[in-house]
Amino acid sequence: MHRIAHRQFIWQHGNNTALLLRYFKILSDGDVSHILQAALGLSPISLYRLGMGFVGHFLDRINFNGPYTPGDIGVTQNDLDVVVKVFSSSLGDLQEKISRHQSYDQNYAYNFNPLRAKPLIEVIDENRRVLLSPMPTLLLWRFTEGVYYDICNQPGFDAAFGRSFQSYVGEVFLAANKSDKFEVLAEHSFNVGKNRKDSIDWIISGVDADIFIESKTKKLRLDSKLSLAADGDISADLDKMAGFVLQGYRTIADALKGSYPHWKPRNLPIFLVIQTLEDWRVFGGRQAEEIDSRVRRDFEAEGIDNSLLERIPYFIAGSADMEIAAQVIDQVGVRSFMESWHQNRSKMWGLHVFMMHVYAEELRHVGELFPDDMAKIRPEVDKE
């Protein structure tokens, strides 16, 4: 079930606008933007205008004939040349990569598709150059979430990308908070004795409950997504996630002792959410059980009472679903939403499916959170 989810569910999340804006805002952070410029020679706006232009073109027709020129969309010829170079391969190179990755065993349907890395195919003959895009959706994924792999080895990337995502998580809740049903409290530093510590990344503080959110950019490795066993790469990734959960409980323990400067215990329900940039699709079954057993093992090793897991339940959710959840919480309140989510865990619903079943009416009022940023990406649309 785990690897089927990672193969199939990505095709079922149809909110491309949310995907575009999520990565645009993360990549547009000052430090991350500089890293992108250093790695590819592109600004986030140039990357997105070209990416969206290509996707729009290839949704209408399969070919883009040379000579390639950018037109009047606010990008340079060099920007266009970079995108073609980075996102395209020759037909021969594509065939060679397909041959190298294909297999005819239990992994047949799960092998890496080279079009994920190079979604454009360039065909060149004596008279012309032509770009082809057999699957425009792969092109959309490539210039949004796929850019991560172009810049992840650059100096300073980890810290800059983590800070940008953390900031984005808070921006989502601030943008969603139209009814003032909660406060959004950012991370603060504090001291315990001579030790300096950082609080949880965000606290969503409602009148009747609090959500402690720890944001993580860690991605599941490809082998972890496709593994049939809980060993090897997936075991290491599950250990990592259990460590994130433990980290959250450690800082909650400090908060409950009154150590936070910006939040004090209120004798109200608390919920811990590990919010990942990429959805780990941990919503029940073996992977959830494996993480939970590791968390309980770590609790025992540190002498933490396991009853804390019942008093303060934890959840693991991806950003795509949390962006929607923030808007539902704005309608129904923190405690109502989180207690309902907790009560429905035994049904093995992912967060999105849970909301479809329990909050179908509220989902009708969920909308775009960052319209001004979309206007930056495609200003020519908003002028018409």
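Just a few scattered comments:
- For the chain, the Rg and Dmax computed from alpha carbons only, in angstrom: 22.4, 75
- Here segment 23-39 is scanned for amide nitrogen atoms under 17 Å from the site 7 Å beyond the Cα of GLU171 along Cα-to-Cβ, giving 23-37.
- Qualifying trypsin sites (Lys or Arg not before Pro) in segment 61-129, where qualification requires a DSSP coil assignment and no more than 15 other C-beta atoms within 10 Å, comprise ARG61, ARG128.
- Size of electric dipole in segment 157-374: Cβ of Lys, Arg +1 and of Asp, Glu -1, about Cα centre, debye, nearest 20: 500
- Over the chain, relative contact order from alpha-carbon pairs under 8 Å, at least 6 apart, %: 16
- Ranking SER319, ASN191, PHE337 by Cα position along the charge dipole of segment 157-374, where only Lys, Arg, Asp and Glu carry charges on their C-beta atoms, puts ASN191 farthest toward the positive end.
- Treating r as the C-beta distance of HIS57 and ARG116 and R0 as 22 Å, the FRET efficiency rounds to 0.65.
- Comparing ASN111, PRO44, TYR68 along the charge dipole axis of segment 2-151, the residue lying farthest to the positive side is ASN111, per the Cβ-charge model.
- Length gained when the stretch LEU268-MET135 is fully extended (0.36 nm per residue, less Cα-Cα span): 42.9 nm
- Entries of LYS194/LYS264; LYS197/LYS264; LYS216/LYS376 with Cα pairs more than 18 Å apart: LYS194/LYS264; LYS216/LYS376
- Averaging the Cα positions of each part gives two centres, and for segment 275-304 and segment 102-166 these lie 30 Å apart.
- Segment VAL353..GLN95, full-extension length gain: 89.1 nm, with 0.36 nm per residue of separation and the alpha-carbon distance subtracted.
- For LEU351, the shell of other residues with beta-carbons less than 11 Å away shows a net charge of -1, using +1 for Lys and Arg and -1 for Asp and Glu.
- Extension gain from GLN247 to ALA360, taking 0.36 nm per residue of separation minus the Cα-Cα distance: 37.3 nm
- Dipole magnitude of segment 2-151 about its Cα centre (Cβ charges: Lys, Arg +1; Asp, Glu -1), debye to nearest 20: 400
- Gyration tensor (alpha-carbon) shape descriptor, segment 157-374, a/c threshold 1.5: rounded
- Anisotropy class of segment 2-151 from Cα gyration tensor, a/c 1.5 cut: oblate
- Cα-centre dipole for the chain with unit charges at Cβ (Lys and Arg positive, Asp and Glu negative), debye to 20: 380
We did not get these values from a lab; they are worked out from the coordinates using the rules stated. Predicted, not measured: the structure shown is a model, and the values here were computed from it. Glycine also receives a Cβ, built like all others from the backbone with ideal geometry; neighbour counts cover every protein chain displayed.
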